[in-house]
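Asker: A single structure is presented below for examination.
Where a number appears in this text, it was derived from the coordinates with a stated rule and is not lab data. Here the structure is a predicted model, which is why all the values come from computation and not from measurement. Note that we place each Cβ from the backbone using ideal geometry, even for glycine, and neighbour counts take in every protein chain shown.
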């Protein structure tokens, strides 16, 4: 197995996008879309780091507020960041190794850790950055050794309300959308759910899903999976054995490869 002793500073991303804890959830969602990120550091008085807000936090709040009323939109994202943010911030020192950072992600099942230097936030290491390191080091083991099973799927003809509820119950950030033959035809993630916030609950997943889905054989070398995923901006990869869906590669699964 390749050695991932390099410090996180080599692969971490900067700047760290942040938001005030007094901002609205609408402002937080807009900022995530603008910066194409799934979370923001939350700053309190004197710009101190007080938490993190993610797609998970906003989606959960929006679903609770909307309830099960048939006439309601999918989400009602009202309120302040401070009310739904996660106060416990996972961080590593800037001198920590990639292996140590990946192990913390896998243990907590999160997709990013903040990187600190001298008590200040210096960057963020996400599973997207983990994928870059897997590609750079050319991890040759097959995807089948690291993929997650079972795969949580939803049919394209089902409703966005059902898919959003399934995201919460399965504690996953995305679902593979399949056709009647169980072939992957898209992805419905927290990002798509948030973008469909004002849509009627009866709208079909097909109208809201991301149709750019990457499918690769289970024998594919992991560095090739990472390279193609990053090239297509795919946050998850459907793993196939001939014509059968056998697993899924998410960011956390790539982190498993370097622990």
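Asker: Contact order normalised by length for the range 112-259, with contacts defined as Cα pairs under 8 Å and 6 or more residues apart; what percent is it?
Answerer: About 31 percent, as a whole number.
Asker: In addition: On each of the three principal axes of the Cα atoms of the chain, give max minus min coordinate, whole Å, ordered largest first.
Answerer: 55, 53, 26
Asker: Ok, one more. Can you give the FRET efficiency for residue 109 and residue 71, using 1/(1 + (r/R0)^6), R0 = 30 Å, r = Cβ-Cβ distance, to the nearest 0.05?
Answerer: 0.30
Asker: Continuing with the same structure: When DSSP beta bridges are limited to those with both residues in the range 143-256, what percentage is antiparallel, rounded to the nearest 5?
Answerer: Restricted to the range 143-256, the bridges split so that about 65 percent are antiparallel.
Asker: Further question on the same structure: For a quick check, take a GNM of the chain with Cα springs below 10 Å and name the residue from 229, 48, 122 with the largest mean-square fluctuation.
Answerer: 48
Asker: Please grab the % of Cα pairs in the range 8-137 that end up more than 18 Å from each other.
Answerer: Here the long-distance tail beyond 18 Å is 55 percent of all Cα pairs in the range 8-137.
Asker: Relative to the present Cα-Cα distance, how much length would full extension add between residue 35 and residue 78 at 0.36 nm per residue of separation?
Answerer: Numbers: separation 43, 0.36 × 43 = 15.48 nm, distance 2.10 nm.
Full extension of this stretch gives 13.4 nm more.
Asker: For the chain, modelled as a Gaussian network with Cα springs under 10 Å, which listed residue fluctuates most, 43, 222, 75?
Answerer: Fluctuation is largest for 43.
Asker: Suppose we keep just the alpha-carbon trace of the range 143-256; what are its Rg and Dmax in angstrom?
Answerer: Cα-based Rg and Dmax for the range 143-256 come out at 13.6, 42 Å.
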